[in-house]
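First comes the structure, then the notes that go with it.
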Amino acid sequence: MRHYILVIMLAVCAAVSAQNDRQLIREGNRLYRQKQYAQAEVLYRKAIAKKADNPQAVYNLGCALMMQQKDSAAIVQYENATKLEKNKLRQSKSWHNIGVMCQSHKMYGEAVRAYEQSLRLNPSDDETRYNLALCKQLNKNNPQQDKNQQDKKNEEKEDDKGQQQKKDKKDQQKEEQPKEQMSKDNAERLLDAAVQNEKATQQRLKKALQQPRKKQLQKNW
């Protein structure tokens, strides 16, 4: 699977600020051709720092990241490049490269969508057309691929939901437990008080029975 790298020529009559970012891109391209991708990445980033809306710098940064197998970061740069780039042929190259990375990760559904977008912009690209046909066939033979990814996301959501439910239940049990404990303690205290009152009553009754009865005097009115 081939991917594209744009070579930017230094414009002699460009403004000084433009010359600076273009010079950085040219130096980055030289390092890229020497397979010094990390060093090329640094120069492309410097070019973007000087001119953030330079689509070539953004695109080439995506290429340098891609060659370092930093696919997620590369896709972000390619997507940014499609928004900045006005030239349809260059836009198509970004989508082509996104398709290449998705295909390498067996994300055939995503690869198909990227290749289709690339062909809309450049219908004459036979290599993209071949990759599209191949990924369509692979996606047809492996229909579970995209479904498995969606199922995995759904499972993660369900796991999060289950964990939250367990936490809520545990918190509820913690809240209910003190209430149950408090009711039990109250019952024990009431029982102890009743026992003590009963003992006191029996002692008073026993004492009263032991004492001699006093003669009751009737009072005249």
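Taking R0 as 45 Å, what FRET efficiency do you get between Lys136 and Lys46 from their Cβ-Cβ distance, rounded to the nearest 0.05? Before the final figure, lay out each step's value.
Working: r = 40 Å, r/R0 = 0.89.
FRET efficiency, Lys136 to Lys46: 0.65.
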### Query
How far apart, in nm, are the 7 Å Cα→Cβ label points at Glu116 and Gln68?
3.4
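Can you tell me the length gained on complete extension of the stretch Gln196 to Val76, counting 0.36 nm per residue apart and subtracting the Cα distance?
Details: separation 120, 0.36 × 120 = 43.20 nm, distance 7.94 nm.
Result for the pair: 35.3 nm of gain on full extension.
Every number here is computed from the coordinates shown, using simple stated rules; none is lab data. Because the structure is a prediction, the values reported are computed rather than measured. For neighbour counting, all protein chains shown are included, and Cβ atoms are generated from backbone atoms with ideal geometry for every residue, glycine included.
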